[in-house]
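Here's the structure, in structure tokens; my notes come after.
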Amino acid sequence: MITIKEKKDCCGCSACATICTHHALIMKADKSGFLYPVVNKKKCTNCGLCEKVCPILHENEKRTPTYSYAIKNNDDEIRKKSSSGGLFPIIAEKTIEAGGIVYGASFDKQWNVKHIGITRKEDLHLLQGSKYVQSNTVGIYKDIKQKLQEGINVLFTGTPCQVAGLNCYLQKKYKNLTTIDFICHGVPSPKIWNDYLSEVISLYKLPIANIDFRNKKTGWKDYNFVINFVDSSGVCKKTADMVCQHQDNIYMKLFLDNYILRPSCHSCRFRNGKGGSNYTLGDYWGIQNYNVEFDDDRGISLFLGYDNPNSIPLYIRQHCTSIETPVEFAIKANPSFSKDWPQNRYYQLFFFLHNNFSLNIKNSFSICLNINKIANRLSSLKALNSIRKRG
């Protein structure tokens, strides 16, 4: 029987709940909105399957990539719609052309983020673009296993912990499975995401038509957070109603300042290639410091491989422009590959205010910021008094 003693010891991959044939496990959200397994002891037979497929209990060895490439899609329209360099659509299309299925994170009709599988190129847009919310994978591993056993080619994309969860669930390697994880800062709370959207809808009085976490209209590095709304005629407006630089958006601030990340993200067991994926993708931040001419600020993908050196697939070379870069440089320029980000010291206060006093996200965040300002001032005064005493 799987037991979660500390929140940091569960990544929410749902492998345990999916493997349970007795339906003794369900994934249930805690007060912060993160899913954790809950055991029905009356149904549990102590078969041990849930523990056997837990990626936390079966941590992989650290891996160093064998090669690193900076890549940009030759199709400007695809790159424009992608968060970085437009590499993922190339890999996904290749899978679909071979009669395969591609799994990745998608918005549902309520703008929750869930993993789905697609078999048509026309649906690729559903999986494209960053979605800074933990994706729900409940039941998806079972579907993948069935497809693999039928001999269907499968491409799975997700966070390193989701890839590790899938590999543990499968309990064997499949030649028709390709896995891709991405360099992950951490996964934010689905509850805070839903509450944030409710507040936005309440403010604008219009339903949401589209969400773009990484709109590159003003550039790849200085990207915007954009929400389009449905107007009174029932169609998406041609211009975005809500546009703000990512560093000015409250939700993005909470994400990047580590207020709303899952506890396991602050002591992640899957960085340093330990997710077990075939490839790792990400934004190639810092590429301008290696090759300034390659960076046009329209998005560059980082491609890390773990197989034979220089074995970047031919079909990627045919559709993209790429340059090889030192692995050490790529990892240093993208610290989330190997580095945990400390939990914000006001993490608990933020959730306490928001959950117990019904304060909206803006006010809960503002109180945390004001307390932090006061704490910094008191610390400065204390330091000044200490200097004066020594003087």
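Largest GNM mean-square fluctuation among Cys50, Cys20, Cys265, using the chain with Cα springs under 10 Å: Cys20. All other residues whose Cβ lies under 13 angstrom from that of Ala17 are scored, Lys and Arg at +1 and Asp and Glu at -1, for a net of +2. Calculation over all alpha carbon pairs of the range 162-289 in 10 angstrom steps from 0 returns a P(r) of 10, 30, 31, 21, 7, 0 percent.
Please report the spacing between the Cα centers of the range 119-189 and the range 259-324 in Å, no decimals. If you average the Cα positions of each part, the centres end up 17 Å apart. In this structure the amide hydrogen of Tyr67, modeled in the peptide plane, comes within under 5 Å of the amide hydrogens of Gly305, none closer than 5 places in sequence on its chain. Within the shell of other residues whose beta carbon sits under 12 angstrom from the beta carbon of Tyr290, the net charge comes to -3, with Lys and Arg scored +1 and Asp and Glu -1.
Kirkwood-type hydrodynamic radius, the range 289-391: 19.2 Å, calculated from all non-identical alpha-carbon pairs.
The 3J(HN,Hα) values that the Karplus relation (6.51, -1.76, 1.60; θ = phi - 60°) gives for the range 326-331 are, in residue order, x, 4, 4, 5, 4, 5 Hz. Gly and Pro appear as x. When only Cα pairs below 8 angstrom with a gap of at least 6 residues are kept, the chain shows a relative contact order of 22 percent.
What the Kirkwood sum gives for the range 7-52 is a hydrodynamic radius of 10.9 Å, with every pair of different alpha carbons counted. Computed from backbone phi, the HN-Hα couplings of the range 271-285 come to 6, 6, x, 7, x, x, 6, 6, 9, 10, 10, x, 6, 8, 5 Hz, rounded to whole numbers (Karplus: 6.51 cos²θ - 1.76 cosθ + 1.60, θ = phi - 60°; Gly and Pro given as x).
Each peptide in 253-263, 306-316, 359-369 receives the mean, over its residues, of other Cβ atoms within 10 Å, and ordering these scores from highest gives 253-263, 359-369, 306-316. Looking at the square roots a ≥ b ≥ c of the eigenvalues of the Cα gyration tensor of the range 39-85, which shape do they give, rounded for a/c under 1.5, prolate if a/b is larger than b/c, or oblate? Judged from the Cα gyration tensor, the range 39-85 comes out oblate (a/c at least 1.5, b/c at or above a/b). For the range 54-150, the Cα-based Rg and Dmax, in that order, read 15.4, 43 Å. Per-residue ellipticity at 222 nm, computed for the chain from helices alone with -39500 (n - 2.57) per DSSP H run of at least four residues, works out to -9000 deg cm²/dmol. The label point for Asn376 and the one for Phe329, both projected 7 Å from the Cα toward the Cβ, are 3.5 nm apart. Considering only Cys50, Ser277, Ile287, and ranking their Cα positions along the charge dipole of the chain that arises from unit charges at the beta-carbon of Lys, Arg, Asp and Glu, the one farthest toward the positive end is Cys50.
Just to be sure I understand the curve: with the Debye formula and one point per C-alpha of the range 93-179, what is log10 I(q)/I(0) at q = 0.12, 0.19 Å⁻¹? Taking Cα atoms of the range 93-179 as identical point scatterers yields -0.33, -0.84.
Screening the chain for whole DSSP H helices with an alpha carbon extent of at least 20 angstrom along the helix axis and a mean Kyte-Doolittle hydropathy of at least -1.0 yields 190-204, 361-390. Sorting 63-76, 36-49 by average packing, meaning the other beta carbons within 10 Å per residue, from highest down gives 63-76, 36-49. Binning every alpha carbon pair distance of the chain at 20 Å from zero, what are the percents per bin? Per 20 Å bin, starting at 0, the Cα pair percentages come out as 25, 57, 17, 1.
No value in this document is a laboratory result; all are computed from the given coordinates. This structure is a prediction, so every number in the text was calculated from the model and none was measured. Ideal geometry is used to build each Cβ from the backbone, glycine not excepted, and the neighbour counts take in all protein chains shown.
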